[in-house]
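Reviewing the structure listed below.
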There are 2 protein chains.
Amino acid sequence: MKLPKGFRFAGQYTGVKKNASKRDLTLIVSDRDAAAVGMFTTNKVCAAPVQVCRERLPSLNVRAIVVNSGNANACTGEQGLRDAKEMTASVASGLSVDAKQVLVCSTGVIGRPLPMEKVLKGIKELLPKISAEPNSFDEAAQGIMTTDTRTKTTFRQITVNGKEIHIAGFAKGAAMIGPNMATMLAFLITDAEASPALLGPIIRRAVDRSFHAISVEGHTSTNDSVTLLANGASGQSAEPVRDEFAKAIEEAAIELAVGLVDDAEEVTHRLTIDVTGTRTEEEARKVAKAVADSPLVKTAVFGNDPNWGRICSAAGYAGIDFAEKDLSLRVNGTLLYDHGVPTKFDANAESARMKENFEVHIELMFELGQASCRFWSTDLSTGYVRFNAEYTT
Amino acid sequence: MKLPKGFRFAGQYTGVKKNASKRDLTLIVSDRDAAAVGMFTTNKVCAAPVQVCRERLPSLNVRAIVVNSGNANACTGEQGLRDAKEMTASVASGLSVDAKQVLVCSTGVIGRPLPMEKVLKGIKELLPKISAEPNSFDEAAQGIMTTDTRTKTTFRQITVNGKEIHIAGFAKGAAMIGPNMATMLAFLITDAEASPALLGPIIRRAVDRSFHAISVEGHTSTNDSVTLLANGASGQSAEPVRDEFAKAIEEAAIELAVGLVDDAEEVTHRLTIDVTGTRTEEEARKVAKAVADSPLVKTAVFGNDPNWGRICSAAGYAGIDFAEKDLSLRVNGTLLYDHGVPTKFDANAESARMKENFEVHIELMFELGQASCRFWSTDLSTGYVRFNAEYTT
C-alpha cells in the first residue's frame, strides 16, 4: 500500500529499553504544516506528554511527532513536563520549526524520570535518518512497541476526481502491564487537505467505534493517545468526500484496534460482541462493555465454555432496562437463549467449535429499538494472570 | 453465642445436589409473625424466587424462609415462578400459615427446572426436624452452600434495661461460578421487636457497607438476596436502641461479607481498601470500587507486587475529579505515593510482607474533603481462572 505523501519516518534504538535489539524512539515528520487533532486518556493520573499534547491540539501547523518507548514519563512531576517539552524542542530545532509544532508521546515504565541524555542523543541521531520509504514507516511502527509481539499498521486509499488521498497508521499495546503500564498509542496520518474542524468529529466517531470499543481489562492507562495528522500533500481536500473519508479513517482505526486485541497479552480468543435492537447506541455500548469486561465471560471463553448464563447475566447488570423475554443470544451463530429461555443445544459441539477458532462471535439481540454496536474483547487466560502477576522491579 | 429466641432451623440433603454428603435444603422458621425486609439483585435477569420475595416484602408476618441449593430456579420462565410459589405453599401448609408468609431463595445451576418432586419431598421431611439448637442453625447454614468451603455465620447481642436482643445470621458464596452461577445469599434474624419501617433503612445502610462493599469479580448474580427478620420474641423493642441496633446489624453484615471474600474461589489475598478524604462517600466508593475491580491491581496483589502505579491509575479512571497531587497511597502502612509522586521504598521488603500476609491493606488518601469508605476485594489468581474456565456441562 502507498504511504501518504509528504511524510517521513524513522525508528531506532537509543538505550532507553534494556534490550538493544528493540527500537525505542520514533519520529513522524510532515514536510509541510499539518492540521492535527488528538484524543487522550481521561485518567486523572495522566502523563507529562499527554499534558503537553493537550495544550497544543487542535493545531493547524504540526510538523512532527516524537515518541519514546520504555519509559512513560508519567508520575514524574514538574521534571516530567520539562523533559517532554525538551524532547519537542530538540526535534523542532533539528527541523527549524517551533517547539509547539511538535507533539510527543511516551510509553513504558511509570514513575521514573526519562533518561534525557539518551533520548536527546537519540533524537539527534534519528533526525537525519527520516525517510518516506515503507521500511522507515515500519521501523517507526516498531519504535513505539512495548510488550507488543508485532507491529500493527493500516493503509487506506480514496480516489477523488482522479486524485488519490492516502491514509496510513500504526498503533501499539492494548493491555496495561506492570511495571510497564503499557499504553495504547495510535497515529493516523493522511495527505488529504482537511481542517481541524473537519477532523475533530471524524476522529471522535472513529475512536468511539474502534479504540473505545475494545476492552482487554478495562484499565485506562495514564498515557493513551490517538493522533490524526492531515498535511494536504495530495492536493485534494477531504471536504467533498467527507463521508467516504470519515469511513476510511474509521476502518483504519478499527483495523488497528482489533490488531491490538489480537496481540493482547496471552490472549487465546478474540470476542467479537454485537449488540442489536437497543433503543440507543449508548444502551448497546453499555451491554457490550459489561459483557466485554466480565471476568466470568472471559474465563468461560478461555475454557471454551458456551456459557449463555454468564453472558446474559452480564447483560442483565449493564444498567439498561429490559425484561428477560426481550433478550436472545447467539454464540458462533447458534441460538443459545431465545427470548428469555435457554435453548436445547449441543454444548459439546459448541465447545469444540470455540476451541477450534480464535474468534468467538457473541450476538446479544434485543427487541427494544433499532440501535446497535460492535465491541471486541479478549478472553482471560491463566497465562494473562501469570504474566501480570510477575513481580518485577 | 446465643441464637435469637423464637426461631428454629433445619438443613438436610434432598437429592438436588449430586453429592449426597452435602445439604441442599434449609428452613428458617419463626414461631411468631416476624417483620421482614429484603434487598435483592438489581440484575434484569433475575430468578423466580427473587421475584416472589420482592412481591412479599416488606412484610409484617413472615413465618419461614425456605432455601434450596444446587439449582437456582433462574431463567426458568413461568414454570419457575410456579415452582417457587409451590415451595412456599408446601412449607406454609406444614406450618398451617399462609403461603405469602413464607419466603424462598434458590442458588445453583441456572436454566434448568427445579426437580420439584425431590424438593417437595425434602420439605416434608425437613419440617418435623426444625429445632432451636445451635447444631440445627449450623446445618441450616450448610444447606445454602454451593462452592463455599465453609459456613459463614455471625452472632451479636445487645442488652437493654437488662433484656437481651440477639442477632444471628449466615451467608454463602461471593463468587459467581459456572455453570453454578453461585449467588450471594445472606439471612439475618433477630428477636428484637421492630417494624419494617425501622428495619428498612437499617438493612439498606448495612448492605451498602458490607455486601455492596465487597467485590470478587463485579458480576451481579441473578439470585443475590439479603433478608432480615425481626420476630420480637425477646420482648424488647429495637426502637430505644436504634443506633446500637443498627450498628450491630451492620457489624454482623460486614462479618458475613468479609467471610464471603475470604472464602472466595482460589483467593490467596484479601484486599482491604480504605479511601479517605473525598468530598462525598459516593466518591470514595467509586475509587474503592475501581481499585477493587481492577484485574491489574488484583493480579499484582496475587504476585505480591507493591504496584502503586496500577492502584493510583485505577483511582485515576474512577470518575472523580482530582489532581495527582491530591492523592497519596499507603500499602500495608508504607507510603508508596506521596501527593502525586512515587516515594523511594524498599520494593523487595514490601513484596515479602505481602507474601507473608493474607490481608493487604490499601489506603488511598485524598485531601478533597472528609468522606471515606472501606471496601474488600480478592486477588486474581491463576487458580481462579482455571476454576472458572473449566468446561462443565
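The values are calculated or read from the model by the stated rules, or taken from the named source; none is laboratory data. Please read these numbers as outputs of a predicted model, since none were measured by experiment. Virtual Cβ from ideal backbone geometry, glycine too; neighbours counted across all protein chains shown.
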Revision key, fill the gap. Restricting attention to the range B:237-289, the residues that are small (Gly, Ala, Ser) and closer than 21 Å to B:Met184 by Cα number exactly 7
Practice item. Say whether the condition of being β-branched (Val, Ile, Thr) and either modelled with pLDDT of 95 or more or outside the structural domain of A:Ala72 (by TED's automatic domain parsing) (or both) is met by at least one residue in the range A:105-113. Key: no
Review point. Among the strands (runs of 3 or more DSSP E) contained in the range B:90-182, which hold 2 or more residues that are under 26 Å from the mean Cα position of the chain (by Cα), on the phi > 0 side of the Ramachandran plot and not aromatic (Phe, Trp, Tyr)?
Key: none
Check your understanding: If you check B:Val102 against the conditions, is it crowded, with 18+ Cβ neighbours inside 10 Å and within 30 Å of B:Lys2 (Cα to Cα)?
Key -> yes
Check your understanding: Does B:Glu139 qualify as being in contact with a strand residue (DSSP E or B) (Cβ under 6 Å, 6 or more places away or on another chain), modelled with pLDDT of 95 or more and farther than 30 Å from B:Arg242 by Cα?
Key -> yes
Exercise for review: Test B:Arg156 against the criterion of being of a type in the set (Lys, Arg) and at pLDDT below 95, and give yes or no.
Suggested key: no
Check your understanding: Do you know which residues across the range B:272-291 are crowded, with 24+ Cβ neighbours inside 10 Å and within 22 Å of B:Asn357 (Cβ to Cβ)?
Key -> B:Ile273, B:Val275, B:Ala288, B:Val291
Review point. Using beta carbons and a limit of 7 Å, which pairs, at least six apart or on different chains, have the first residue in the range B:191-202 and touching a residue at least 40 places away in the same chain (Cβ under 8 Å) and more than 11 Å from B:Leu228 (Cβ to Cβ) and the second one outside any helix (DSSP H, G or I) and of a type in the set (Lys, Arg)?
Key: B:Asp191/B:Lys5
Practice item. Considering only the range B:309-385, give the strands (runs of 3 or more DSSP E) lying wholly within it that have at least 1 residues that are buried (at least 24 other Cβ atoms within 10 Å of the Cβ) and touching a residue at least 60 places away in the same chain (Cβ under 8 Å). Key: B:359-366, B:371-378
Review point. On the given criteria, is B:Asn304 within 30 Å of A:Ala352 (Cα to Cα), polar (S, T, N, Q), facing chain A (nearest Cβ under 7 Å) and buried (at least 18 other Cβ atoms within 10 Å of the Cβ)?
Key: no
Practice item. Looking for whichever is surrounded by 24 or more Cβ atoms within 10 Å (Cβ to Cβ) and within 14 Å of another protein chain (Cβ to nearest Cβ) here; the options are B:Ser225, B:Ser210, B:Ser221. Which one fits? Key: B:Ser221
Review point. Does B:Ala389 satisfy the condition of being more than 22 Å from B:His212 (Cβ to Cβ) and either at pLDDT 95 or above or buried (at least 17 other Cβ atoms within 10 Å of the Cβ) (or both)?
Key: yes
Check your understanding: Among the residues of the range B:20-31, is any over 20 Å from the mean Cα position of the chain (by Cα), of a type in the set (A, V, I, L, M) and under 19 Å from B:Pro113 (Cα atoms)?
Key -> no
Point to revise | A:Val67 in contact (Cβ under 8 Å) with a residue 60 or more places away in the chain, in a helix (DSSP H, G or I), among the β-branched types (Val, Ile, Thr) and crowded, with 24+ Cβ neighbours inside 10 Å | key: no
Review point. Just a yes or no: is a residue in the range A:185-197 among the aromatic types (Phe, Trp, Tyr), modelled with pLDDT of 95 or more, in contact with a strand residue (DSSP E or B) (Cβ under 9 Å, 6 or more places away or on another chain) and within 20 Å of A:Ala72 (Cα to Cα)?
Key: yes
Review point. Can A:Val62 be described as in contact with a Ser or Thr (Cβ under 9 Å, 6 or more places away or on another chain), at negative phi and aliphatic (A, V, I, L, M)?
Key: yes
Exercise for review: Using the structure shown, decide if A:Tyr317 is in contact with a Cys (Cβ under 6 Å, 6 or more places away or on another chain), at the interface with another protein chain (Cβ under 9 Å from one of its Cβ atoms) and of a type outside the set (D, E, K, R).
Suggested key: no
Review point. Hey, any hits in the range A:254-268 for a residue that's of a type in the set (A, V, I, L, M) and at the interface with another protein chain (Cβ under 7 Å from one of its Cβ atoms)?
Key: no
**Study point:** Members of the range B:11-46 that are in a strand (DSSP E or B) and crowded, with 23+ Cβ neighbours inside 10 Å
**Key:** B:Gly11, B:Leu25, B:Thr26, B:Leu27, B:Ile28, B:Val29, B:Ser30, B:Ala34, B:Ala35, B:Ala36, B:Val37, B:Gly38
Point to revise | Qualifying positions in the range A:344-393 - within 8 Å of chain B (Cβ to nearest Cβ) and among the charged types (D, E, K, R) | key: A:Arg386, A:Glu390
Exercise for review: All but one of (1) buried (at least 24 other Cβ atoms within 10 Å of the Cβ); (2) outside any strand (DSSP E or B); (3) within 14 Å of chain A (Cβ to nearest Cβ) hold for B:Pro49, so report the exception by its number.
Suggested key: (3)
Check your understanding: For the range A:183-295, list the helices (runs of 4 or more DSSP H) that sit wholly inside it and hold at least 3 residues that are hydrophobic (A, V, I, L, M, F, W, C), within 29 Å of A:Val45 (Cα to Cα) and within 16 Å of the chain's Cα centre (by Cα); which are they?
Key -> A:196-208, A:242-262
Study note, to complete from the structure: When restricted to B:Gly38, B:Gly108, the only residue closer than 19 Å to B:Val226 by Cα, within 14 Å of chain A (Cβ to nearest Cβ) and among the small types (Gly, Ala, Ser) is B:Gly108
Practice item. Scan A:Arg82, A:Arg54 and give me the residue that is within 21 Å of the chain's Cα centre (by Cα) and surrounded by fewer than 23 Cβ atoms within 10 Å (Cβ to Cβ). Key: A:Arg54
Revision key, fill the gap. Of the candidates A:Val275, A:Val241, the one satisfying the condition of being over 30 Å from B:Gly309 (Cβ atoms) and in the same structural domain as A:Ser106 (by TED's automatic domain parsing) is A:Val241
Practice item. Would you point out the residue of the range A:323-343, among those that are among the hydrophobic types (A, V, I, L, M, F, W, C) and in contact with a Ser or Thr (Cβ under 7 Å, 6 or more places away or on another chain), that is farthest from the other protein chains (Cβ to nearest Cβ)? Key: A:Leu335
